[in-house]
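The structure appears below as structure tokens.
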There are 2 protein chains.
Amino acid sequence: MLKLYDNRLSGNGYKTRLLMHQLGMPFEVEWVDILKGETRTPEFLAINPNGRIPTLVDSDYILPESNAILCYLADGTPFLPDNRQVKGRILQWLFFEQYSHEPNIATVRHWLAHLGYDADDPQVLERQTKGEMVLNLMNEHLSVQPFFVGGDYTIADIALYAYTHVAHEGGYDLSNRPALKAWLDRVANQPGYVTMDAD
Amino acid sequence: MLKLYDNRLSGNGYKTRLLMHQLGMPFEVEWVDILKGETRTPEFLAINPNGRIPTLVDSDYILPESNAILCYLADGTPFLPDNRQVKGRILQWLFFEQYSHEPNIATVRHWLAHLGYDADDPQVLERQTKGEMVLNLMNEHLSVQPFFVGGDYTIADIALYAYTHVAHEGGYDLSNRPALKAWLDRVANQPGYVTMDAD
């Protein structure tokens with residue numbers, strides 16, 4: 001059976017659990033406490049030398065990096081169809097998520113909600129400025145299409161949903177972004193959807 | 001013919017040019033001056049709303065994000081073989097590159113070499129601490145295998161080479177990392193290799 005090392009605070013981990021639920025793939029989870037340093041122990045570093053969750057174990061194949069896990073699990077399914085241009089477009093949004101979205105939306109949430117940073121910390125404010133631009137770009141993109149890659153729900157939506165739906169915990173207000181809010185609802189209504197606190 | 005919007009300072013752009021040379025794919029380049037704000041004009045934002053190079057144009061298909069471009073161009077070639085576990089592993093390193101490597105190695109280079117930040121700026125020092133760990137991890141990984149994904153040269157190597165081979169411009173010293181240095185030489189000896197200043 002697939003095994004996932006994960007943490008309940010992590011949107012990156014949630015992505016992979018949401019996909020496995022939606023693909024109907026059974027899996028077990030070993031919860032790892034990031035805040036207690038459990039991703040930096042010698043035991044965990046032997047599994048993932050980069051010391052991060054989620055990390056997937058599929059028999060003797062160990063795979064870190066949430067978006068690589070999404071691609072691996074979804075390969076050839078409707079969540080990542082075998083069409084070169086569609087795959088390119090999905091990957092575009094997955095890399096956008098890790099480079100432009102995650103450091104501004106997810107990291108600020110982690111700082112404010114879990115590590116107790118002040119809301120007016122200069123680093124928080126600098127990242128929020130970038131995060132607002134990211135959310136505007138997403139809202140604009142979704143104003144002309146229901147999902148990130150055309151008409152179909154894919155792992156691009158799963159990847160971007162994970163931290164966008166908790167962006168308010170990072171001080172973001174989505175109320176003036178109707179297309180983004182409608183997309184959040186659309187994702188939450190997909191078959192097999194589970195919330196972030198589900199196993 | 002393929003067209004690439006690119007900038008000569010960018011390792012992200014270099015990745016995509018290096019691959020196209022190695023695949024023997026003809027392409028033309030339109031150079032865009034990042035430092036003069038040419039990626040933020042209305043004309044460029046109509047091509048890539050995220051305002052970044054490289055951006056690839058293949059007839060009416062426009063694709064931003066350097067690592068998505070690598071996957072799109074290399075799909076099904078020996079640089080990205082059609083094997084689920086190998087693809088997963090290559091993607092693991094591509095996402096590692098964008099999330100863990102680029103913000104610490106490439107951004108610090110950009111700050112020091114192009115934007116004139118002081119070498120003892122606290123932001124520089126903070127990122128260099130993380131960058132040193134990234135380079136150690138890479139050196140360790142390469143001490144037991146010639147390329148990032150087993151025995152074969154893939155787009156994982158191209159993606160990680162681009163900013164690693166100019167890491168010294170960001171204040172990094174590779175001399176105590178022999179496996180990493182040997183890998184840089186190995187990449188530079190691949191068929192079709194071109195340097196960063198090649199068109």
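Semi-axis lengths, largest first, of the ellipsoid equivalent to the protein assembly as shown are 29, 25, 24 Å, with √(5λ) applied to each eigenvalue of the Cα gyration tensor. Electrostatic tally near residue B:181: other residues with Cβ closer than 15 Å to its Cβ, Lys and Arg +1, Asp and Glu -1, net -2. A simple spin-label model places the labels of residue B:114 and residue B:43 2.0 nm from each other, with each point 7 Å out along Cα-to-Cβ. Taken residue by residue and averaged, Cβ atoms of other chains lying within 10 Å of the Cβ of B:84-94 number 6.
Summing charges over all other residues whose Cβ lies under 13 Å from the Cβ of residue A:153, with Lys and Arg as +1 and Asp and Glu as -1, gives -2. Can you give the % of DSSP beta bridges in chain A that are antiparallel, to the nearest 5? Roughly 55 percent of the beta bridges in chain A run antiparallel, per DSSP. Here the contact order of the range A:79-143, divided by its residue count and restricted to Cα pairs under 8 Å and six or more residues apart, works out to 28 percent.
Taking a probe of 1.4 Å and counting only protein heavy atoms, give the total accessible area buried between chains A and B in Å², rounded to the nearest 100.
Details: alone 9880 and 9880 Å², together 16530 Å².
Chain pair A/B: roughly 3200 Å² of buried accessible area.
The distance from the alpha carbon centre of the range A:144-182 to that of the range B:181-199 is 40 Å, rounded to a whole number. A 1.4 Å probe run over the protein chains yields, for the range A:1-76, 40 Å² of accessible area per residue, whole-number rounding.
Both the radius of gyration and Dmax for the range B:10-126 are 16.1, 46 Å, in that order, over alpha-carbon atoms. Counting charges near residue A:139 (Lys, Arg +1; Asp, Glu -1) among other residues having Cβ under 11 Å from its Cβ returns a value of 0. Note on the range A:44-199: dipole from Cβ charges, positive end direction compared against A:172, A:57, A:88; the farthest Cα belongs to A:88.
Plainly put, the tip 7 Å out from Cα toward Cβ on residue A:3 is 5.3 nm from that tip on each other copy, the closest given first.
Rounded to the nearest 5, the antiparallel percentage of DSSP beta bridges internal to the protein assembly as shown is 55%.
Placing +1 on the Cβ of every Lys and Arg and -1 on the Cβ of every Asp and Glu, with no other charges, gives the protein assembly as shown a dipole of roughly 400 debye about its Cα centre.
Using helices alone, what [θ] at 222 nm do you get for chain A, with -39,500 (n - 2.57) per DSSP H run of 4 or more residues, divided over all residues and rounded to the nearest 500?
Working: 7 runs with 83 residues, N = 199.
So the calculated ellipticity at 222 nm is -13000 deg cm²/dmol.
With label points set 7 Å from Cα along Cα→Cβ, the inter-copy distances at residue A:182 are 5.8 nm, sorted shortest first. For the residues of A:45-57, the average number of beta carbons from a partner chain within 10 Å of their own beta carbon is 2. For residue A:3, the lysines whose Cα comes closer than 23 Å to its Cα, not counting residues fewer than 8 places off in the same chain, are A:15, A:36, B:87.
The values are calculated or read from the model by the stated rules, or taken from the named source; none is laboratory data. Keep in mind that what you see is a predicted model, and the values were worked out from it rather than measured. Heads up, the Cβs are rebuilt from the backbone with ideal geometry, glycines too, and the neighbour counts pull from every protein chain shown. Ligands, DNA and RNA are stripped out before the accessible areas are found, and what is left, the full protein with its side chains, is counted by its heavy atoms. Shrake-Rupley method; radii C 1.70, N 1.55, O 1.52, S 1.80 Å.
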